[in-house]
Amino acid sequence: MKYDFETIVPRYHLGSNKWMEMKKVNPDIGPDIIPFSVADMEFLNAPEIIDDLKNFLDHTVLGYSGTTEEFRAAVCSWMKRKRNWNADPSWIVNTSGIVTAFFNAVKAYTEPGDGVLLLTPVYYPMYKAISLNKRKLVESPLIYNGRQYDIDFEDFAKKAADPSTKLFIMSSPHNPCSRIWRKEELEKLGKICLENNVIVISDEIHFDLIMPGYEHTVFASISDEFARNSVICTAPSKTFNLAGMQISNIFIPDADLRERYIRELSTSTLSVQCNILGYRACQTAYERAENWLDEAIAVIARNRDIVADFIGKEMPQIKLIDLEATYLLWMDFNAFELDYKELERLNKVEGSLFFDEGYIFGEAGRGFERWNLACPTKYVIEGLERLKKTYKKYL
Ligand SMILES: Cc1ncc(COP(=O)(O)O)c(C=O)c1O
């Protein structure tokens, strides 16, 4: 490995909630414990990005700044090179994050009382974007087969056909079950949405974190019709561990949808401009940090294989959902028949295992845990040993 994926920076004093959460549970937590929760990486940033930012700060003025032509070209060139998608620079609207983007889309494209479709269980702020804006949650539960999740197309079509359903927010690849929606599945979903005038918000924040052997399809790349009926949410934040930079690139190919989106942003006094350092970090990442990303994915895939091997041999009661994308391993603990709150207590208090609790992703997530594997391998191995010790009496 050319890059350092072993050094940990404890972030208790850097405002990281997930690190502080551990201290709240156990004030005496040792230096050998790191959090396995919230989706940012416990990896140092790519040196290409850090060195460039240092150099940039030596030669810039931190005034109001928007995007440059070079920035937009770098973003579109990344989409073409990595995902074979011909995106036009004029489609990009920037927001400080993707949660902001789908909250804004709910307000821009629906009215209070309208239905918004979700494939559940799913990333929890999507529920909030619906309930806090007084829209109606329309759930199409995914079908769980013990190893992976599938879409119930019949149910989805029925729910989309309800005239009050106006919007579908999709997580693609899907968080938390890490499923990559195949091109044929996206085609079916997109067709149903077009037939029923349902706009698609495709949250593709994890679209660069694709495990070896898998392929991700950008929803809007499938056809012009799909592109004109969708908003594609992308960012360098998960890919390059830049969440604190608050930069996302929202692609809205249709001029009318784009105009409505921007109008809604401005009525919320939100800006289409982001942070000057965020732009710079994003551009540098897309232009120069691809090798770092390749190595990061290799470390995540190695961590996944180590967990799968250990669990298969030592704790077969735990079912692991195939990790196709993201660095978030979805694990089914239901065979232990524990109440989901007891599961949380057992892991955090007895095991010092700070996963994300499955129940936060919806009721179907009860009994599941989500393990963030973007961390040095030695912490994964230590985590597995603690897991085995914690569940000794149940094995
Ligand atoms: C599916 C999904 N969307 C959005 C986000 C967060 O996006 P942002 O930090 O840009 O608001 C996350 C973070 O975990 C995520 O998993």
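Looking at (1) within 22 Å of residue 105 (Cα to Cα); (2) open to solvent by 20 Å² or more (accessible area, probe 1.4 Å); (3) more than 14 Å from the chain's Cα centre (by Cα), which is the only condition residue 185 fails?
(1)
Determine whether segment 330-348 contains at least one residue that is under 20 Å from residue 243 (Cβ atoms) and not hydrophobic (A, V, I, L, M, F, W, C). Break it down stepwise before answering.
First pass over segment 330-348, keeping only residues under 20 Å from residue 243 (Cβ atoms): none.
No, every residue in segment 330-348 fails to be under 20 Å from residue 243 (Cβ atoms) and not hydrophobic (A, V, I, L, M, F, W, C).
Any chance you could count how many residues in segment 1-23 are surrounded by 11 or more Cβ atoms within 10 Å (Cβ to Cβ), touching a helix residue (DSSP H, G or I) at 6+ places or on another chain (Cβ under 6 Å) and in a loop (DSSP other than H, G, I, E, B)?
Counting residues in segment 1-23 that are surrounded by 11 or more Cβ atoms within 10 Å (Cβ to Cβ), touching a helix residue (DSSP H, G or I) at 6+ places or on another chain (Cβ under 6 Å) and in a loop (DSSP other than H, G, I, E, B) gives 3.
Is it fair to say residue 32 is out of contact with any Gly (no Cβ under 8 Å at 6 or more places or on another chain), loosely packed, with under 14 Cβ neighbours inside 10 Å and either of a type in the set (Phe, Trp, Tyr) or touching a residue at least 60 places away in the same chain (Cβ under 8 Å) (or both)? Spell out the reasoning first.
Details: out of contact with any Gly (no Cβ under 8 Å at 6 or more places or on another chain): yes; loosely packed, with under 14 Cβ neighbours inside 10 Å: yes; either of a type in the set (Phe, Trp, Tyr) or touching a residue at least 60 places away in the same chain (Cβ under 8 Å) (or both): yes.
So residue 32 passes the test.
For the subset of segment 332-355 comprising residues that are closer than 14 Å to residue 383 by Cα and buried (at least 17 other Cβ atoms within 10 Å of the Cβ), which member is nearest to the chain's Cα centre (by Cα)? Give the derivation first.
Step one: filter segment 332-355 for residues closer than 14 Å to residue 383 by Cα, giving 346-355.
Keeping just the survivors that are buried (at least 17 other Cβ atoms within 10 Å of the Cβ) gives 346-348, 351-355.
On the way: 346: 26, 347: 23, 348: 23, 351: 26, 352: 24, 353: 21, 354: 18, 355: 16 Å.
Ranking the qualifying residues of segment 332-355, first place goes to 355.
Across segment 299-331, what is the number of residues that are in a helix (DSSP H, G or I), in contact with a strand residue (DSSP E or B) (Cβ under 9 Å, 6 or more places away or on another chain), in contact (Cβ under 8 Å) with a residue 40 or more places away in the chain and open to solvent by 10 Å² or more (accessible area, probe 1.4 Å)?
Going residue by residue through segment 299-331, those that are in a helix (DSSP H, G or I) are 299-314.
Those left that are additionally in contact with a strand residue (DSSP E or B) (Cβ under 9 Å, 6 or more places away or on another chain): 303-304, 307-308, 311-312.
From what is left, the residues that are in contact (Cβ under 8 Å) with a residue 40 or more places away in the chain are 303-304, 307, 311.
Adding the requirement that they be open to solvent by 10 Å² or more (accessible area, probe 1.4 Å) leaves 304.
Counting residues in segment 299-331 that are in a helix (DSSP H, G or I), in contact with a strand residue (DSSP E or B) (Cβ under 9 Å, 6 or more places away or on another chain), in contact (Cβ under 8 Å) with a residue 40 or more places away in the chain and open to solvent by 10 Å² or more (accessible area, probe 1.4 Å) gives 1.
Going through 345, 366 one at a time, which residue ends up being of a type outside the set (A, V, I, L, M) and in contact (Cβ under 8 Å) with a residue 12 or more places away in the chain?
Working: 345 fails: in contact (Cβ under 8 Å) with a residue 12 or more places away in the chain.
Result: 366 is the single residue among 345, 366 that is of a type outside the set (A, V, I, L, M) and in contact (Cβ under 8 Å) with a residue 12 or more places away in the chain.
The values are calculated or read from the model by the stated rules, or taken from the named source; none is laboratory data. Model, not experiment: these values are computed from the prediction. No Cβ is skipped: glycine too gets one built from the backbone with ideal geometry, and neighbour counts run over all protein chains shown. Keep in mind that these areas ignore ligands, DNA and RNA; they rest on the heavy atoms of the full protein, side chains included. Shrake-Rupley method; radii C 1.70, N 1.55, O 1.52, S 1.80 Å.
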